[in-house]
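Below: the structure, in structure tokens.
The values are calculated or read from the model by the stated rules, or taken from the named source; none is laboratory data. What you are looking at is a predicted structure, and each value in this text was computed from that prediction instead of being measured. All Cβ positions, even for glycine, are placed from backbone atoms using ideal geometry, and neighbour counts span all protein chains on display.
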Amino acid sequence: MLTMIGKRLLFAIPSLIGVVIVTFLLTRALPGDPAAYFAGPAATKEAIDQIRKKLGFDKPLIEQFVRYTYDLAHGDLGTSLTTGQPVAAELRNRLPASAELTLLGLVVSIVIAIPLGVLAATRPGSWIDHLCRVTTTAGVSLPVFFTGLVLVYVFYFRLGWSPAPLGRLDVFYSAPPTVTGFYLIDTLIARDVEAFRSALGQLILPAVTLAVFSLAPIARMTRASMLAVLASDFVRTARASGLSPGKVIVTYAFRNAMLPVVTTLSMVFSFLLGANVLVEKVFAWPGIGSYAVEALIASDFAPVQGFVLTMAVMYVLLNLIIDILYGVIDPRVRLEG
Amino acid sequence: MKRRDFLKSVSGLAAGVLAPTAPAIFSPARADARSETLLIVSEGGPNNLDIHGIGTNVPGYEVSWNCYDRLISHEMKSGPGGVPYYDRDKFKGELAEDMNIGDMSVTFKLRKNAKFHDGAPVTAKDVKWSLDRAVSVGGFPTFQMSAGSLTKPEQFVVVDDYTVRVDFLKKDRLTIPDLAVIVPCVVNSELVKKNASEKDPWGLEFTKQQTAGSGAYKVTKWTAGTEVVMERNDDWACGPAPKIRRVIWRMVPQAGNRRALLERGDADISYELPFKDFQEMKANGKLNVVSLPFSNGIQYIGMNVTRPPFDNPKVRQAMAYAMPYQKIMDAVLFGLANPMFGAAKDKPTEVAWPQPTKYVTDMEKAKALLTEAGYANGFETTISFDLNFAGVNEPLCVLVQESLAQLGIKATINKVPGANWRTELTKKEMPLFTNVFSGWLDYPEYFFYWCYHGNNSIFNTMSYKSPEMDKLIDGARIAAATGDTAAYDADVKGFVDLAYADIPRIPLYQPFVNVAMQKNVTGYQYWFHRRLDYRAMAKG
């Protein structure tokens, strides 16, 4: 097993090198001159040239690339010009914010979508099947920022149930000491119940927004996969042997229907992590998505490269975890390179 | 289930749902904190806490203004609508308790009780080091210092521990005002030198992350792109003790949410909202909305005069008659701007800037002028704008495009990303564009020197060159320095008239800075830099 994992990681190295080269070239190909941008609105030509020199953008591309890979090998992702902070530190601070939100959104989504999908599959054509179809269609067709804004408008502005959409904590709480970076866990470790409530309160609306969006693929995939399994021979055999419907569905059918669902989950997770930029914008969430987009707008190279690299590494790890999960769910699946 | 049990369980459930999201005030201490804390929400935050840093953005200026002191600052006067407005002509000491202007130098006596945040006294060598730094680091700060003829470290002389002299290179009316802008702030030289390196002799890396000044506030926490927390410096010696103990400045990218936060009473103050929101908030009266004109600022349509068709003054005049001025005022700005067009025909030119042109929308006249210039059937061109300010620029350009279409001029709209805008301006190749210029120093000759002078600075976006214009601008600068009022007035009137006859750029309006705040927030002051001064603010 361990050698298999090692082998898989080894295979990931060429793709990571590819990602490094492509992001480097792509960011250089971006329109816009960061030196002119950062020289500010009142800069002369000389001032812009001075800044370009300071930032090292006057050097040939190949020299810049060598310097970049050298820094990268030393764990230095460079410094963001817009925020003035080292990229590695920023990503470290912001990744937990995105991950906490995405995970919670995904959990909410799974809790709703999987039972919905299973029920829809066991009773095709019934009202629950229609409910499943309507919610999933509505979920995918509503853009996330729209759902987010509507939720803020209703639950914060109109009803006042939800706290102000001002990021991860109410402004008057201080963040718990960082252990995991997940506020829900860190506040509990620090035994600060008020801060825990505040963190949870801040999380509910954005998590629900994400959940609404990700319901569709999970519920539809569960339903389709369940339908296929329920029609297969072994389920017929199980039923014929007189097993209870509950046992047939949960123990035999559901477990076998899980494989495609798990694949979908991994896709949905990585997609959400990168694409929840809009949710982060709406809820002033200090995540990595909004960080990357802001950097892109300012043609700030280092954070964009750091972001793409982080995402690439996460995809590699996620795929590995999913492959291992396959083996757990279905012993017939073997991890092979 | 009995009805009563049902109700109980429902209300219990509701409480359970609401508990985590209940309002933040659980303890009286927290309520106190709220009344002494100012919560600001805005779209963008600082990228650097030091205005001397590389590429410090405009929100960074606000931090510098409140956390550092300068030698001198401006007095306040009553501005439009009774809002306190900085007085361009009256200075007061900040770190200096006395200013003595001589013929070719100015001498400052420093307050003896002023201390930096770490407790070190503010002395003359700190002042010299800081001014040396401003003229030496390059980029924007050095450029701004040079606008007041402050360019060489030798100009700053330590006389004794608490006396500094600034020598003039030449007589320049802008030297003293330039010492009161944000850039010449005084930095804790010992502290910064300790954290400087050979590669970074001015310690810019250190001051990027933390404030090292003597100002009324100090930054205690800064998460870039998320929030800035500033605490009051209780030992501040340069003015009356500020009332706000803590300033929390949160970045909220969604304009709609910023408005919701204000209207719900959760945020105290915000700017950078769409004009429509400001107009609606003004109308419903729940909040205090302050709208004041940018001092020395104009949004304009510029034309590249180096190539056809805009090298022909007749075409430029035709363009000036074809602008849909009033439509822009109503549909784009919702009235929140000062018109810079349509002055009465017989109105004499004033010695003031900005002032309106006599142009009005007159398509007949525009058509006639175009025909005269040989473009009876119009021409094709592109109109460019900066996407960073798309909220105003995009509808404005669409209106201009529509209006020009009536003359047969086919203008394609070119949206330039914010990061690119500066590059495009420097190239000076865009034929037609809209932009804003506003100067910190509120003097007509300062504006004209950057925007119309033949030395072709980056802000002379039209590449306009006229020996006559240069003579008038240079004349006004010399007259201002020597105090020759008659010559000055004649030159200012002369360059305004010439700029409006030759019309290389068409003034549209003077933009407003809009700030919305809760009714209990007082003490807002308008400054030339258009950012907030927390020192005068209070929550009552």
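Quick notes on this structure:
- Residues of segment B:351-395 that are surrounded by 14 or more Cβ atoms within 10 Å (Cβ to Cβ) and of a type in the set (Asp, Glu): B:Asp362, B:Glu372, B:Asp386, B:Glu394.
- Selection status of A:Gly167, small (Gly, Ala, Ser), in contact (Cβ under 8 Å) with a residue 60 or more places away in the chain, assigned to a helix (DSSP H, G or I) and closer than 12 Å to A:Phe283 by Cα: no
- Residue match in segment A:30-46 (condition: within 23 Å of the chain's Cα centre (by Cα) and either more than 19 Å from A:Glu294 (Cβ to Cβ) or modelled with pLDDT of 75 or more (or both)): no
- Residue match in segment B:117-136 (condition: within 14 Å of another protein chain (Cβ to nearest Cβ), surrounded by fewer than 21 Cβ atoms within 10 Å (Cβ to Cβ) and touching a residue at least 60 places away in the same chain (Cβ under 8 Å)): yes
- The residue list A:Asp192, A:Asp186, A:Asp170 contains one member that is surrounded by 20 or more Cβ atoms within 10 Å (Cβ to Cβ), acidic (Asp, Glu) and within 12 Å of chain B (Cβ to nearest Cβ), which is A:Asp170.
- Just one of the listed residues (B:Ser295, B:Ser270) is part of a strand (DSSP E or B), within 24 Å of the chain's Cα centre (by Cα), touching a residue at least 24 places away in the same chain (Cβ under 8 Å) and within 22 Å of B:Ala516 (Cα to Cα), and it is B:Ser270.
- Looking across B:Asn388, B:Asn393, one residue alone is at pLDDT below 90, assigned by TED's automatic domain parsing to the domain that holds B:Lys327 and of a type in the set (S, T, N, Q). It is B:Asn388.
- A:Ala97, sole failed condition from (1) touching a residue at least 12 places away in the same chain (Cβ under 8 Å); (2) away from every other protein chain (no Cβ under 14 Å): (2)
- If you filter segment B:406-430 down to residues that are within 14 Å of another protein chain (Cβ to nearest Cβ) and among the hydrophobic types (A, V, I, L, M, F, W, C), you find that the one that is farthest from B:Gly378 (Cα to Cα) is B:Ala419.
- Yes/no for A:Ala216 being in a helix (DSSP H, G or I), away from chain B (no Cβ under 12 Å) and modelled with pLDDT of 85 or more: yes
- Beta carbons closer than 6 Å, at least 6 apart along the sequence or on distinct chains, pair a first residue in segment B:302-322 that is without any contact (Cβ under 8 Å) to a residue 60 or more places away in the chain and closer than 17 Å to B:Pro507 by Cβ with a second that is among the basic types (Lys, Arg) and part of a helix (DSSP H, G or I) for B:Tyr321/B:Lys365.
- On the stretch given as segment B:255-282, residues that are of a type in the set (Asp, Glu) and more than 8 Å from chain A (Cβ to nearest Cβ) total 4.
- For first residues located in segment A:8-30 and over 13 Å from A:Phe301 (Cα atoms), partners that are not hydrophobic (A, V, I, L, M, F, W, C) and lie 6+ apart or on another chain with Cβ distances below 8 Å form the pairs A:Arg8/A:Asp323; A:Arg8/A:Gly337; A:Phe11/A:Gly337.
- At least 3 residues being more than 30 Å from B:Glu231 (Cβ to Cβ) and among the small types (Gly, Ala, Ser) is the threshold, and among the helices (runs of 4 or more DSSP H) wholly inside segment B:430-540 those reaching it are B:467-482, B:485-502.
- Single residue of B:Thr163, B:Thr142 found to be within 14 Å of another protein chain (Cβ to nearest Cβ) and on the phi < 0 side of the Ramachandran plot: B:Thr142
- Test for A:Tyr315: is it in contact (Cβ under 8 Å) with a residue 24 or more places away in the chain, within 30 Å of A:Tyr183 (Cβ to Cβ) and away from every other protein chain (no Cβ under 14 Å): yes
- Taking the conditions (1) away from every other protein chain (no Cβ under 12 Å); (2) part of a helix (DSSP H, G or I) in turn, A:Val179 satisfies each one other than (2).
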